[in-house]
Amino acid sequence: MKLLEYEGKELFQLYGIPVQPSCGVVRIGDDPDAMVLEGPGPWVVKAQVLAGGRGKAGGIKIARTKEEARALTRGMLGMKLTTHQTHGTALTVEEVLVVQACEPEREMYLSVVLDRRSASLMIVASAEGGVSIEELAHTRPELVIKMPVDADRGLLDFQARELAFALKIPRALFTDFIAAAKNMVRLFTGHDASLVEINPLVVTRDGKLTALDAKVVTDDNALFRHKDLAARPDHESSEIELEAKAIGINYIGLDGDIGCMVNGAGLAMATLDTVKLAGGSAANFLDVGGGASVDQITKAFQIILKDAKVKAVLVNIFGGIMKCDNIARGVAEAVKKVKLRVPLIVRLEGTNVEEGKQLLKDSGIRLEQADSLWEAAQKAVAAADGGR
């Protein structure tokens, strides 16, 4: 689950990581004139979307007066924002964060990530903040600091001091930096995160350490341990993905035109790969689970068909927990309920597969059967090509 900046900063404050004073979040439908702007200003008005590069796209602006802050907030709400990270898709700004501005003297990069190669947490840091860390790692890798961290013990004091020396933290801020770095690791482990990032972490001209931005990504599979996060709006998923999640179906929308219904995540990934190998492209990842019922199969068809790009549907089911003849009955009943109007290709394998194939053959619904995944993928690609 990706958190918006203000949501990440709420967690930062919970763990004692310093952030700019906030004037609050204004949402579509709110009155910006009701926003309380304390202090003399200036203020920073920031669009809350899940994408980097907001400043270059007009999503971060400086307001010198209270009137300007409210006007910028009003103009930013509802705007379409496109950055290098949105891949051509315009994101609607539904929330705007307003914070008190500060004057940075130095900018740094600091993050905690899960490093799969070393099977440990890893602190990634650089004295060069405010830039793409990926680009910096490619062009000037010597400027990127990597420090493995034990997840059980956390960041040890001597490690935090080494990090502070490497980043040339002023002596007066050593204690503050060590606490912030250790608390970032505590946040990471305490909230089952896969990324906690500050870019930039700044030293201000009045000698304070402050996180100007916050990026936090948590593991969806651990949300049952974090009811507060689970209750937050899902800013990342599409309407179709949210509907699938509500009925217990694992669905992720993709860019292709072949709708895929599969049971089991591993088989689903293999199906997507095989479709690509056959010259096609999947419209979705959809896993109905090992014990899919007729109702779930029906809802899965309905969800797939809500994607207007879908030109053919490929069903690839392995009958294990649920036998192939029961799956065939479910597919036949579901197709009749949803009134499928695009080509359907079905590949069954597993227990009672011959009975299942015969049931589909006798069902009277229009479909093509396949004996192997490769044959099914080829038929699906040919059917989608005919529907273009």
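The values are calculated or read from the model by the stated rules, or taken from the named source; none is laboratory data. Nothing here was measured: the structure is a model prediction, and the numbers come from that model. Note that each Cβ is placed from the backbone with ideal geometry, even for glycine, and that neighbours are counted across all protein chains shown.
Please specify each residue of region 285-325 satisfying the condition of being out of contact with any Pro (no Cβ under 6 Å at 6 or more places or on another chain) and either among the small types (Gly, Ala, Ser) or free of Cβ contacts under 8 Å to residues at least 24 places away in the same chain (or both).
Within region 285-325, Gly289, Gly290, Gly291, Ala292, Ser293, Asp295, Ala300, Ala308, Gly319, Gly320 meet the criteria.
Examine region 352-365 for a residue that is assigned to a strand (DSSP E or B), in contact with a strand residue (DSSP E or B) (Cβ under 7 Å, 6 or more places away or on another chain), within 27 Å of Lys309 (Cβ to Cβ) and at pLDDT 85 or above, and state whether such a residue exists.
no
Looking only at strands (runs of 3 or more DSSP E) that lie completely in region 36-120, which have at least 2 residues being modelled with pLDDT of 85 or more, in the same structural domain as Val196 (by TED's automatic domain parsing) and surrounded by fewer than 19 Cβ atoms within 10 Å (Cβ to Cβ)?
Strands (runs of 3 or more DSSP E) meeting the threshold: 104-115.
Taking helices (runs of 4 or more DSSP H) that fall entirely within region 122-230, which contain at least 2 residues that are within 30 Å of Lys245 (Cα to Cα)?
174-190, 227-230
From the list Val216, Val203, Val288, Val294, which one is in contact with a helix residue (DSSP H, G or I) (Cβ under 8 Å, 6 or more places away or on another chain), buried (at least 18 other Cβ atoms within 10 Å of the Cβ) and more than 30 Å from Met108 (Cα to Cα)?
Of Val216, Val203, Val288, Val294, the one residue that is in contact with a helix residue (DSSP H, G or I) (Cβ under 8 Å, 6 or more places away or on another chain), buried (at least 18 other Cβ atoms within 10 Å of the Cβ) and more than 30 Å from Met108 (Cα to Cα) is Val288.
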